[in-house]
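Each remark here refers to the structure printed beneath this line.
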Amino acid sequence: MEQKRIMSNKLPGRVAVIYLTPTGKGLAERLTAGWNGESVQVLAAGSSLSEQVPLLWKEYDNLIFIMAVGIVVRLIAPLIKSKWDDPGVVVVDEGGHFAVSLLGGHWGGSNNLARQVASVLGAVSVVTTATDVQGKPAIDSLARSLGMIPLPKARVKQVNSALLAGKRVVLYTEWDLKGLVEETGIEVLPLERYAGEPGGVPVFVTSRDCSLYSTQGIFLCPASLTAGIGCKRGVSAEEVISALTEALKCAGRHPESLSFIASHVAKANEMGLREAVGQMHLPLAFYGAEVLQKIHKQNPGLADSCFVREQMGVGGVCETAALAAAAKGKLVLSKTKVGRVTVALAEAGLLWSASGQAIRRN
């Protein structure tokens, strides 16, 4: 029985549509109308197409070319780096008959994008990846749809091969993902049920250090961790990054799961903090004392300093900031001082118990 595919109607990031002729322009306009123009940029290919495409390659998550496949192959061949870095590429013929997923089918999102293009234009989607052809799930597609990063990436092929061969693949998770994963046919169990049993390929959904579990299978790292930062005036970017690295190590958490940095609004002008977060390519938020004080009252037992309260209007900064940024979160690392920086880590989400009921982390 063919497995149902996970397919989102949401566009996979920023999309550029490149056309050559007036006919191609008409198809491009039909696409943007079908998507209400959201996150889509339509571009006419000029005489400098070979100069234009390398720039688009870096700027957009997906590229749709309305032209011959051969032209596109020659254009993108020198730019291809890896499936984890390249944008998804879809090619549409000028007759609007076919939408070909040419590059980045799973991680790049071009398989789903090709299907979306075909749906809007009334065309046929052409997808050639083995898992899709055989109606099987792909672990990198699943990771992408859940907003998670597969690690180590070299094992993606191993897990997908197991899925293709019909072998038992079990997803051990701390999050209640059953409703999101059940259509793939992959078995889903709470993480604590893993006991290293043979006979199945494990997939772990956790922010925890991978070395704590199996040397087989793969880990899907969720973007679940938030870091609250407190720091002395004039702290450097290097000090902030070093403190975050040490905090993640102390908590036994994977750096790829760190998704957000937060602090007190009084730290908004700390250039070292801003520079560190910029280097890590993470979002940064600053909360006022009123917001942090509310978090502090809701969570008895958080760090509470009279001196900090006098200076900041709240008894503690890093713990309250981490919790303010984590939806339904709970601390996984209390206030930890590293040099001139204090860090706390919180993790978002409702997690599973052995009974399968969603619970808060203890």
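The values are calculated or read from the model by the stated rules, or taken from the named source; none is laboratory data. Bear in mind the structure is a predicted one, so any value in this text is a computation, not a measurement. Cβ: placed from backbone, ideal geometry, glycine included. Neighbour counts: every protein chain shown. Heads up: the accessible areas ignore ligands, DNA and RNA and are worked out on the full protein's heavy atoms, side chains in. Shrake-Rupley method; radii C 1.70, N 1.55, O 1.52, S 1.80 Å.
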message = About the Cα centre, and with charges only on the beta carbon of Lys, Arg (+1) and Asp, Glu (-1), how big is the dipole of region 175-242? Nearest 20 debye, please.
response = 340
ask   = Say the dipole of the chain comes from +1 at the beta carbon of Lys and Arg and -1 at that of Asp and Glu; which of 215, 89, 54 then lies farthest toward its positive end?
value = 215
ask   = Rule-of-thumb check for region 213-270: C-alpha Rg over 2.2 N^0.38 Å?
value = 1.37
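From the Cα gyration tensor of region 131-220, with a ≥ b ≥ c the square roots of its eigenvalues, which class applies: rounded if a/c is under 1.5, or else prolate if a/b is larger than b/c, or else oblate?
Here region 131-220 falls in the rounded category.
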request  = Assuming R0 = 25 Å, can you tell me the calculated FRET efficiency for the pair residue 269 and residue 291, based on Cβ-Cβ distance, to the nearest 0.05?
outcome  = 0.85
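Placing +1 at every Lys and Arg Cβ and -1 at every Asp and Glu Cβ, with all other atoms neutral, what dipole size does the chain have around its Cα centre, in debye to the nearest 20?
Working: 37 positive and 31 negative charges, 107 e Å.
Once rounded to the nearest 20, the dipole reads 520 debye.
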remark   = In the chain the DSSP beta bridges are antiparallel at a rate, in percent to nearest 5, of 40
key: Global geometry of region 213-362, whether rounded, prolate or oblate, following the gyration tensor of its Cα atoms and the 1.5 cut on a/c   = oblate
note = With a ≥ b ≥ c from the Cα gyration tensor eigenvalues, square-rooted, and the rule rounded for a/c under 1.5, otherwise prolate when a/b > b/c and oblate otherwise, region 23-115 is rounded
request  = Find how many whole Å separate the alpha carbon centroid of region 61-93 from the alpha carbon centroid of region 165-187.
outcome  = 32
task = Write down the radius of gyration of region 153-203 and its Dmax, each obtained from C-alpha positions, in Å.
result = 11.0, 28
ask   = How would 172, 194, 19 rank on accessible area, largest to smallest, probe 1.4 Å?
value = 194, 19, 172
inquiry  = Looking at the calculated P(r) for the chain, what percent of the C-alpha pair distances fall above 33 Å?
reply    = 43
ask   = Accessible area, 1.4 Å probe, largest first: how do 67, 280, 312 sort?
value = 280, 312, 67
